[in-house]
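Worksheet for the structure shown next.
The values are calculated or read from the model by the stated rules, or taken from the named source; none is laboratory data. Only a predicted model underlies this, so the values are computations on that prediction, with no experimental measurement involved. In this analysis, Cβ positions are derived from the backbone assuming ideal geometry, glycine residues included, and neighbour counts consider all displayed protein chains.
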């Protein structure tokens, strides 16, 4: 028996080691998948700006450096997926969540304060758009009055004219997206901004922040009226509303440098990265080329650049 025990022990040790290795590999594959899934949810927005003439002088609206922006508003299922990280919800938010229809987890997450939205964004390594960035993302460098273009249209956004009377699934209005593929910037749910746009009614030491884009309870109208009056309102950051949500963004270069090295180029992952690069298009190619040709650049960056060049 003394000769059998060491053999049995070694066999058991090998079994445990194989199980642990398999678990770690599974965790790594899941991590790879989650990073790619996040990239698939993001649109590439190049740097740019335009100026508005206001009584206070020219107001610059724009993106200082290229951003990755959520294509869709944060969904209820996204919130639930991070419930453990977010911690216990305040009683009023917990009651709101308890009243959901389980079949509607694809709706925008709403009834969240700006502070809670910021916390969620930070858990993703992201942030909220500033009001100036949000308007630029919606209007584009062409300064369109609507995310989809220059003319009003019915049935392309969940606003009061539609008479739906409730939130719709994120991304349901294909014709209402921007040229960069960003959905629901008009209607469905208002969206928290990180700050307050400098408008005519801004007060000294104003603690309010902008919420932009309207909701299913507001009539459609152009994004900007009288130059700097945005399609939105200014409210306290701790306010809650069942038609108020948000989306996240991050500086593209820093976000990609941090996450790309964790992606292993298995065949399926490679195809997905190529598709992401193609969707981002040639507007992303200068940045992706710069990142992918740097010393020790992650292979995933070269694949994204290859897709953007196609």
Can you find a residue that is under 25 Å from residue 123 (Cβ atoms), within 23 Å of the chain's Cα centre (by Cα), part of a loop (DSSP other than H, G, I, E, B) and assigned by TED's automatic domain parsing to the domain that holds residue 154 anywhere in segment 221-236?
yes
Out of all the residues in segment 186-194, is one or more out of contact with any helix residue (DSSP H, G or I) (no Cβ under 6 Å at 6 or more places or on another chain) and surrounded by fewer than 21 Cβ atoms within 10 Å (Cβ to Cβ)?
no
Check on residue 300, in contact (Cβ under 8 Å) with a residue 24 or more places away in the chain and buried (at least 21 other Cβ atoms within 10 Å of the Cβ):
yes
Options 34, 2, 18: the member that is over 28 Å from residue 184 (Cα atoms) and either modelled with pLDDT of 50 or more or not in a helix (DSSP H, G or I) (or both):
2
Within segment 267-289, the residues that are under 13 Å from residue 66 (Cβ atoms) and either outside any helix (DSSP H, G or I) or without any contact (Cβ under 8 Å) to a residue 12 or more places away in the chain (or both) are 281, 286
I'm trying to understand the selection: among the residues of segment 286-296, which are in contact with a helix residue (DSSP H, G or I) (Cβ under 6 Å, 6 or more places away or on another chain) and surrounded by fewer than 19 Cβ atoms within 10 Å (Cβ to Cβ)?
289
In segment 156-165, which residues are assigned to a loop (DSSP other than H, G, I, E, B) and over 8 Å from residue 188 (Cα atoms)?
156, 163, 164, 165
Restricting to segment 61-77, give me the number of residues that are surrounded by 13 or more Cβ atoms within 10 Å (Cβ to Cβ) and touching a helix residue (DSSP H, G or I) at 6+ places or on another chain (Cβ under 8 Å).
9
